[in-house]
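**Q** Pasting a structure here, questions to come.
The values are calculated or read from the model by the stated rules, or taken from the named source; none is laboratory data. Because the structure is a prediction, the values reported are computed rather than measured. So basically every Cβ, Gly included, is an ideal-geometry build from the backbone, and we count neighbours across all protein chains shown. To get the accessible areas, we keep the full protein, side chains included, count just its heavy atoms, and leave off ligands, DNA and RNA. Shrake-Rupley method; radii C 1.70, N 1.55, O 1.52, S 1.80 Å.
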Amino acid sequence: MLKRISTAVFAVLLAASGFLGGAQTVPPSSASYLSEQPVRARHGMVVSIHHLAADAGVSILSQGGNAVDAAVATGFALAVVYPGAGNLGGGGFLLLRTHDGKSTFIDFREAAPLAATANMYLDATGNVIPDSSVIGYRSIATPGSVAGLVYAEKKYGRLGLKRVTAPAIRLARQGFVLTEEEAKLLSDRDLARFPDSKRIFQRDGQLYKTGETFRQPELARTLERIAAKPDDLYRGAMARELVDALKSGGSLITLEDLARYRVVERAPVTGTFLNYTVLSAPPPSSGGIILLSALNMLEGYDLNSLGDRSPQSIHLVTEAFRRAYMDRGDYLGDPDFNTIPTAALISKQYAAAWRATIDPYRATTSATLARPPNFLPPPPANAGQYRDPVNTTHYSVVDKDGDAVAVTTTLNDSFGSRVTAGHLGFLLNDEMDDFAAKPGTANLYGLIQGPANAIAPLKRPLSTMTPTIVLEDGQLRFVLGSPGGSRIATTVANIFLSAAVGGLNIQQAVDAPRFHHQFLPDKLSVESGLPAATLDALRGMGYTLDQRDRWSNGECIEVDPKTGELLGGQDHRSLFGKAAGY
Ligand code: GLY
């Protein structure tokens, strides 16, 4: 039987501690997100950061496509209308659960080129060369997105590649009108460092303005070629064009890298939280393990009675995050290159032992945190943590049969390496930066990374992307995910906990201010919007706060358990997204 700590017990503990003066009840927030309502639909829904990509997906659903058709259409459309993170030159993960209860996880994560070496980003004295894994040709890993979307469509789609690429091709050729926010995004300074990127995304220096139409004829042609010959980018003429375009700048990617790239189907990681079943991302993402490990620890508390985003609840959730991220740094990496103790990491017994180390009224110090013994093998020497990259995008889909797809895809940073593949017209990732450039040593962001995630040829860098599908009593209940670098798993946890036990609808849960802890650096990141009294209470418990203006977008779907209606939560942090239903 789980021992749960309720509000009353907590209040007594807090008062006894003296940290909160014995009278600390922060009133429920009157924040504007609490008055929001989700978009409702009967038959199908696509939620994405870009309204045109969501529309592309839902048009495919209404033509009789299934959730995978819609997801593939949305993915290709995002590569056109959201070049900061939607992509052909990156990678990602697609989690599928069909209404008959089957599930699979399609891993199209980028892979290190064959010529990559563990020390490739170090100078002669062994120090990391600033930016070398972040900007430019050498930061590019072999892309997986086109292979992944083609694979998913062929194996699980219904309509075929020509039909699902049609909306993207139309958007690339005819163009679309830029909002102020999008025009500003395209003004990224580093894009101007690469001639093809400057030519395409910045009109050779005449930056696009609000209300102008952005057309990408070269990208339209590339998409048509993919639709006609799906393998061409990996083993045909387009592969040769891509390698030629990248070679000139010093990229390591060869024809052999492209020819050897493989999409991998894996079993999702699965666990339970109360009466929910959670399916999420296995390695090479850390996301699912972090999520399940934190939820396992939190199952021992009555978060609902503590109140959504009360200081007490934030404290307990933060301590669970801290512990889950400690394990991330020590044990996680590409499962094809490491033995990952997944079952132990997400076991209820291990979580109970971790929970016993949480002081209910005081922040733990990461530097002195000790892992419960006898559950896991000793971590490799020089193990550590991970930096905080910046952009990715997530979209969620449910079709009329109840099939659900959660896709998170990325170029890593915004616009990835900033390198465009010549006249193929698409940007390449800087996913090499998700590896540990120098295991065991703090990087530019103060984080240390472990040898499980050291660079090796053909290895996939560790991700935090967390596409997640949740069932309640066996029925589809939530489709969840978000961007946010190392904050992705905690963003998904924030959204899920608010919707599952915090009493918020999915729109409120997506828009509510978030908080994050990743073990190191030992700071509690909080998004603006939490009441000052909550922040004061957290400081009183011993937290150093890192206040941030804006988190990245979660794009999620909830199924109303009573009516079966689909409820879309499109993140209002951006102004051009959409929950599109029919
Ligand atoms: N590049 C972000 C992630 O994979 O987690």
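**Q** What is the sum of charges, Lys and Arg at +1 and Asp and Glu at -1, for the other residues whose Cβ falls under 10 Å from the Cβ of P483? Intermediate results must be reported in sequence, preceding the final value.
**A** Numbers: positive: R487; negative: E555, D571.
It works out to a net charge of -1.
**Q** Could you provide, to the nearest whole Å², the per residue accessible area of the range 193-291 with probe 1.4 Å?
**A** Numbers: 4210 Å² over 99 residues.
Dividing the accessible area of the range 193-291 by its residue count gives 43 Å².
**Q** What spacing in nm lies between the two simple spin-label points modelled at Q349 and R173, each 7 Å away from Cα in the Cβ direction?
**A** 6.2 nm
**Q** Which of A404, T357, P143 sits closest to the plus end of the dipole of the chain, meaning its Cα is farthest towards the positive end, when Lys and Arg get +1 and Asp and Glu get -1 on the C-beta?
**A** Towards the positive end, the residue furthest out is P143.
**Q** Sort 458-471, 345-358, 228-241 by the packing proxy (mean of other Cβ within 10 Å over each peptide's residues), most packed first. Let's see the in-between values first.
**A** Details: 458-471: 26.6, 345-358: 19.1, 228-241: 17.0.
Going from most to least packed, we get 458-471, 345-358, 228-241.
**Q** What's the ranking of 178-191, 281-294 by average number of surrounding C-beta atoms within 10 Å, highest first?
**A** Packing order, densest peptide first, comes out as 281-294, 178-191.
**Q** Once you list every other residue whose beta carbon is under 11 Å from the beta carbon of T364, what net charge do they have if Lys and Arg are +1 and Asp and Glu are -1?
**A** Net local charge, T364 excluded: 0.
**Q** Residues of the range 470-512: accessible area per residue at 1.4 Å, in Å²?
**A** On a per-residue basis, 16 Å².
**Q** Moving on. According to a simple spin-label model (label point 7 Å from Cα along Cα-to-Cβ), what is the distance in nm between K102 and N127?
**A** Between N127 and K102, the simple spin-label model gives 5.5 nm.
**Q** Taking the simple approach of a point 7 Å from Cα along Cα-to-Cβ for both S528 and D204, what is their distance in nm?
**A** Roughly 4.0 nm, to one decimal.
**Q** Heavy-atom accessible area per residue, the range 80-151, 1.4 Å probe: how many Å²?
**A** About 28 Å² of surface per residue is accessible.
**Q** Positive end of the dipole of the range 216-326, charges at C-beta (+1 Lys, Arg; -1 Asp, Glu), about the Cα centre: which of S313, L255, F273 has its Cα farthest in that direction?
**A** L255
**Q** Here is a follow-up. Semi-axes of the equivalent ellipsoid of the range 165-258: what are they in whole Å, largest first, if each equals the square root of 5 times a C-alpha gyration tensor eigenvalue?
**A** Ellipsoid half-lengths, sorted descending, are 27, 19, 8 Å.
**Q** Rg and Dmax of the chain, using alpha carbons, in Å: what are they?
**A** Calculated on Cα positions, Rg and Dmax stand at 22.7, 72 Å.
**Q** Taking a threshold of 32 Å on the Cα-Cα distance, which of the pairs K162/K247; K438/K578; K400/K459; K198/K229; K209/K523 fall above it?
**A** Over 32 Å apart, Cα to Cα: K438/K578; K400/K459; K209/K523.
**Q** With each run of n ≥ 4 DSSP H residues scored as -39500 (n - 2.57), what mean residue ellipticity at 222 nm is computed for the chain after dividing by its residue count and rounding to the nearest 500 deg cm²/dmol?
**A** -9500 deg cm²/dmol
**Q** Looking at the chain, send over the antiparallel percent of its DSSP beta bridges, to the nearest 5.
**A** 85 percent
**Q** So, with +1 on the Cβ of K and R and -1 on the Cβ of D and E, and no other charges, what is the size of the charge dipole of the chain about its Cα centre, to the nearest 20 debye? Walk me through the numbers before you get to the answer.
**A** On the way: 56 positive and 57 negative charges, 80 e Å.
Result for the chain is approximately 380 debye, rounded to the nearest 20.
**Q** Same structure again: Using a 1.4 Å probe on the protein chains only, how many percent of the accessible area of the chain belongs to carbon and sulfur? Each step should come with its number before you reach the end.
**A** On the way: 10820 of 20150 Å².
Within the chain, the accessible surface is 54 percent carbon and sulfur.
**Q** Now for a different question. How fast does the range 237-306 diffuse by Stokes-Einstein, in µm²/s, taking the Kirkwood radius from C-alpha pairs at 25 °C and 0.890 mPa s? Each step should come with its number before you reach the end.
**A** Numbers: Rh = 15.8 Å.
D = 156 µm²/s.
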